[in-house]
Amino acid sequence: MPVPWFLLSLALGRSPVVLSLERLVGSQDATHCSPGLSCHLWDSDILCLPGDIVPAPGPVLAPTHLQTELVLRCQKETDCDLCLRVAVHLAVHGHWEEPEDEEKFGGAADSGVEEPRNASLQAQVVLSFQAYPTARCVLLEVQVPAALVQFGQSVGSVVYDCFEAALGSEVRIWSYTQPRYEKELNHTQQLPALPWLNVSADGDNVHLVLNVSEEQHFGLSLYWNQVQGPPKPRWHKNLTGPQIITLNHTDLVPCLCIQVWPLEPDSVRTNICPFREDPRAHRNLWQAARLRLLTLQSWLLDAPCWLPAEAALCWRAPGGDPCQPLVPPLSWENVTVDKVLEFPLLKGHPNLCVQVNSSEKLQLQECLWADSLGPLKDDVLLLETRGPQDNRSLCALEPSGCTSLPSKASTRAARLGEYLLQDLQSGQCLQLWDDDLGALWACPMDKYIHKRWALVWLACLLFAAALSLILLLKKDHAKGWLRLLKQDVRSGAAARGRAALLLYSADDSGFERLVGALASALCQLPLRVAVDLWSRRELSAQGPVAWFHAQRRQTLQEGGVVVLLFSPGAVALCSEWLQDGVSGPGAHGPHDAFRASLSCVLPDFLQGRAPGSYVGACFDRLLHPDAVPALFRTVPVFTLPSQLPDFLGALQQPRAPRSGRLLERAEQVSRALQPALDSYFHPPGTPAPGRGVGPGAGDGT
């Protein structure tokens, strides 16, 4: 619909500014080109398919520069549409390859080659336009006579009239040839906006002010503008009269755009994207960004908007030391939002993490493999570097740097260098990455720690034997010494942490990742967690029934607790057992410990032995506690994460005093669990409830 004259005057300035724009009469697109060139516009639009870059067969025409200009396309004297004229500057790129005969003998090339060199050049130039919510592509055919063909020189330009766009909209333009010999050109043009749409700030909130008449009906839409792909609508509402709409500052991201249009047929839509440079929007964007592991090697960055970022793997050792980037031997990789990326890994490891940098600043770091492979391990990472003639060198990654092996340094890896090299030769180290330049190996250190502790315990036993002899000589003081020794043993067991056996039903892979995240979070507390997810090898070797029976007996003998994590699948299995007394088909799966455990768990509940040794739990929004069979509600059943403090209190030692740090630990577990909950309950691409933008923080007035 043509824009009334007074609206163009408001948007573009005073009338002389409007009058200074060139006017085009008629509704047909057209093209013209520089003197000496011939050009033609295809009658209809084409599909926007750039295709892959292919090698140029010789000299070709290529776009080198885009130039835009605002013009008016008028149907009547005072009813015009704002239109964008685009000039594409062209140059000759590439060259003819010299024939081998001419290079060898220095003579002239064969006469058959001269004809194409003296021929004219032709090209099909594509112009692609995108302005929410419309997009189109046009094709321009250009021919350059042989007299103007000079390698590396500009031959002129071809002008397209014109692309109609709404006031306030952002137009993105790409230009390339078919076939495509070079990377496409791109240009962004921001059109002037109408003054009755304004954005203002009030503390942490943002106001959208629409100064329109009381009788005016209009639509308002908020959307995320995407660099690639269609925009993502966030909120839409039809309104009447002047409005002030409040947005919460947490809803702001750089690609959040606003579109307003009168509720009339073929109305002009006004678009503005006012938060591109807002520091709060950029902070919110990184806070909303998440890394998701898809397979062993593939992962993606999930974020509302495009991010200029690069990622690399790093190695995080236990103890709170910073994650050390594995660059080199690996390299930084450019990251595209919502695009699957891959690292060339052979195996996963809980100590491997992904770092995402933007503008040389660390923005994200997540250990993606920790949820499925367990907590951080006390392993040493060996970097193997391969040189010419089969020369290779090894070094151990430590907080102080990479220590060469063997070495006489005083670091832990240097002292154990000989043993690490023996483990590498005997195949006890796990190879994580391998290529022509080197390899990465993870070597376990726990056995050397056990040897050191064995010596410590041997010394303690010798000391205890000597002390016993002294006590035999002084029987009067024996009871006091024994009482002190008993207190020391109890305090040592408390410091070591209570054992916890986590049982669950493997409903799906997403629920398994959620269980792994919970188990990893509990390991950060003074708890020793056992879960079949981390013991698949032992589970397959022993069988589910034998593995669970051994774990349950050890846990209860040590005064530990068995945690039954209920889900819809677990409730169904329990109900089946209570009705039939036998497991259903598939009860002998190699990793199904929950189904196998019911034969040992049910007698404890039926005979009243469960209270004090068992605890139940389920996740909010997944299962209500009332859905748990009544027999299992004879022990406390907690909902997570809403009842985390009470849940952690139940996992403490029975006679342990209530720690003042219980709330702090519950908050720590909740933070570690939240990304897994978000990924399970709100898959990427679906907005979380209560997080939609719009007048939820405040309505129009």
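The values are calculated or read from the model by the stated rules, or taken from the named source; none is laboratory data. All figures in this text were calculated on a predicted structure; none of them were measured in a lab. We place every Cβ from the backbone using ideal geometry, glycine too, and count neighbours over all the protein chains shown. Just the protein is used for accessible areas: all its heavy atoms, side chains included, with ligands, DNA and RNA removed. Shrake-Rupley method; radii C 1.70, N 1.55, O 1.52, S 1.80 Å.
Quick query: amide H of GLU366 versus all other amide H atoms, modeled in the peptide plane; which residues come in under 5 Å with a sequence gap of 5 or more or a different chain?
It is VAL354, by chain and number.
Which value, in debye to the nearest 20, gives the size of the charge dipole of the stretch 292-444 about its Cα centre, when Lys and Arg are +1 and Asp and Glu are -1 at the Cβ?
320 debye
So, taking all protein chains as they sit and a 1.4 Å probe, how much accessible area belongs to TYR181, in Å² rounded to tens?
Here the residue's solvent-accessible area equals roughly 60 Å².
In whole percent, and with a 1.4 Å probe on the protein chains, what portion of the accessible area of the stretch 195-279 is carbon and sulfur? Write out the running numbers ahead of the final one.
Numbers: 2000 of 3970 Å².
Accessible surface attributable to carbon and sulfur in the stretch 195-279 totals 50 percent.
Could you do me a favour and compute the accessible area per residue for the stretch 292-444, 1.4 Å probe, result in Å²?
About 50 Å² of surface per residue is accessible.
So, with a 1.4 angstrom probe, what is the percent of accessible area on the stretch 292-444 that is carbon and sulfur?
Working: 3740 of 7630 Å².
Within the stretch 292-444, the accessible surface is 49 percent carbon and sulfur.
Would you please classify the overall shape of the stretch 195-279 from the alpha carbon gyration tensor, given that a ≥ b ≥ c denote the square roots of the eigenvalues, rounded means a/c under 1.5, and beyond that prolate means a/b larger than b/c while oblate covers the rest?
oblate
How far apart, in nm, are two points set 7 Å out from the Cα along the Cα-to-Cβ line at THR64 and at LEU467?
My value for the distance between the label points is 8.8 nm.
Can you find, among TRP235, GLY219, ILE245, the residue sitting farthest towards the positive end of the charge dipole of the stretch 195-279, where Lys and Arg contribute +1 and Asp and Glu -1 at Cβ?
About the Cα centre, the residue reaching furthest to the positive side is TRP235.
Add +1 for every Lys or Arg and -1 for every Asp or Glu among the other residues with Cβ under 12 Å from the Cβ of GLY438, and state the total.
-2
Using a 1.4 angstrom probe with every protein chain in place, what is the largest-first accessible-area order of LEU24, LEU72, LEU263?
These residues rank, largest area first, as LEU263, LEU24, LEU72.
Taking R0 as 51 Å, what FRET efficiency do you get between GLU184 and ASP390 from their Cβ-Cβ distance, rounded to the nearest 0.05? Provide the component values of the computation, followed by the final result.
Numbers: r = 45 Å, r/R0 = 0.89.
Here the calculated transfer efficiency is 0.65.
I need the shape label for the stretch 292-444. Rule: rounded when a/c is under 1.5, else prolate if a/b > b/c, else oblate, with a, b, c from the alpha carbon gyration tensor.
Prolate, since a/c reaches 1.5 and a/b exceeds b/c.
If you rank SER372, SER410, SER535 by how much accessible surface each has, with a 1.4 Å probe, what is the order from largest down?
SER410, SER372, SER535
Can you give me the solvent accessible area of ILE272 with a 1.4 Å probe, rounded to the nearest 10 Å²?
About 30 Å², rounded to the nearest 10.
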